[in-house]
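One structure is given below, encoded as structure tokens.
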Amino acid sequence: DIDSSIRMVGLSATVSNADEIASWLRATLVRVDWRPSRLTWQLPMVPSHADYTVTEAARFRLTVAITSMVTGDGGSVLVFCGSKRNVRRTALVLAASRGVNVSGVRPDHLERLREVCRQAGIGLHYQGWEYRRETEREFRDRELDVLVATTTVAAGVNLPARAVIVQETEVGLNALDVATVQQMFGRAGRIGAGEYHGWAFLLATDQERARWQSWLVAGHTVRSQIQSSLGEQVLGEVVQQRIGTRGKAGYWWRQT
């Protein structure tokens, strides 16, 4: 509005050092702790093992157990996996746990996989899955009560569930960051369906559990990344003739 004195609004659900960022922007901080639904997060532990397949099997068993518990009480579950292949494998394991015959079905048999998962009330979602829009609608309408996905639905998509399971602490070869996990947790809690309590589970090994617990309690801290590209930034200012002397370079640095 032309009469408003506010020209910029920054929003974040995960930043822990919002006061520092507000000071940098010369902005007024409005901190709100209210959340329409209560969120409880837990870190169920899976034993670490020298053989990765043993740890992976433990993750599958725990995912099945939590999913069965929540859906058995009429709830819905969103399971996050670290790769497209693990989305397909997890969905297949869950379908088998629900009594669907998955004999001969492999994770790369996409049409057959979709068929058995739909029989089990399970949807898949990842970049490149051609049925993901249809899956979103079906999960939102509760035609499916389990959705197995990558980080494609971690934020920006309205797909709430009663419970969220973060099955892995890595995406591909990279470790998950705290902000992404908090966004995943934020999918838990279905206000529109009259549910005022959400549950989030991060499956962690005994070696990483304490570390993740401290990270989640501390929250996500935003830090400047300018030093990682300082040379390019300075050259860009020089080319645009905003820096021409050492004194101007010092002034520019103080304003960053």
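What follows draws every value from the coordinates through simple rules; no lab data is involved. Worth saying up front: this structure is predicted, and the values here are computed from it rather than measured. Using ideal geometry, Cβ is built from the backbone for each residue, glycine included, and neighbour counts are taken over all protein chains shown.
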Taking trypsin sites (Lys or Arg not before Pro) as exposed when DSSP calls them loop (any state but H, G, I, E, B) and at most 16 other Cβ atoms lie within 10 Å, what is the longest stretch of the chain free of them, the sites themselves excluded?
32-141
With label points set 7 Å from each Cα along the Cα-to-Cβ direction at Val32 and Val217, the distance between them in nm comes to 2.8 nm
Grab the beta carbon distance between Arg242 and Ala175, set R0 = 35 Å, and tell me the FRET efficiency rounded to 0.05.
0.40
Simple spin-label model, 7 Å along Cα-to-Cβ: Glu111 to Glu56 in nm?
2.7 nm
Counting only C-alpha contacts under 8 Å and six or more residues apart, can you give the relative contact order of the chain as a whole percent?
26 percent
DSSP loop GluC sites (Glu not before Pro) with at most 14 other Cβ within 10 Å excluded, longest remaining stretch of the chain
1-129
Listed by chain and number, the residues whose amide H is under 5 Å from that of Val46, excluding neighbours fewer than 5 places away on the same chain and using placed H, are Ala204, Thr205, Asp206
Got a sec? Charge dipole of segment 141-256, +1 on Cβ for Lys and Arg, -1 for Asp and Glu; which of Gly247, Leu202, Ala175 is way out at the positive end?
Gly247
Only Lys, Arg (+1) and Asp, Glu (-1) charged, at Cβ; the chain dipole about Cα centre in debye:
220 debye
What is the magnitude of the charge dipole of segment 1-120 about its Cα centre, with +1 placed on the Cβ of each Lys and Arg, -1 on the Cβ of each Asp and Glu, and no other charges, expressed in debye to the nearest 20?
480 debye
Which cross-chain or sequence-distant (5 or more) residues have an amide H under 5 Å from the amide H of Leu39, H modelled 1.01 Å from N in plane?
Gly198
Give, as ranges by residue number, the residues of segment 31-45 whose backbone N falls under 17 Å from the point 7 Å along Cα→Cβ of Ile6.
31-34
What's the extension gain from Asn158 to Asn101 if we count 0.36 nm per residue and subtract their Cα-Cα distance?
17.4 nm
Within segment 166-202, list the residues whose amide N lies under 16 Å from a label point set 7 Å along Cα→Cβ of Thr40.
188-190, 195-202
Cα extents of segment 108-256 along the principal axes, largest first, in whole Å, come to 69, 36, 33
Using a Förster distance of 45 Å, the FRET efficiency for Ser224-Glu130 (Cβ separation, nearest 0.05):
0.65
Trp24 label point, 7 Å along Cα→Cβ, cut-off 18 Å on backbone N: hits in segment 217-243?
219-234
Segment 1-145, Cα convex hull volume normalised per residue, Å³
206 Å³
The relative contact order of segment 140-256, taking Cα pairs under 8 Å that sit 6 or more residues apart, comes to a percentage of 21 percent
A convex hull over the alpha carbons of the chain yields, per residue, a volume in Å³ of 198 Å³
May I ask for the net charge around Gly198, where only other residues with Cβ less than 13 Å from the Cβ of Gly198 are counted and Lys, Arg are +1 while Asp, Glu are -1?
+4
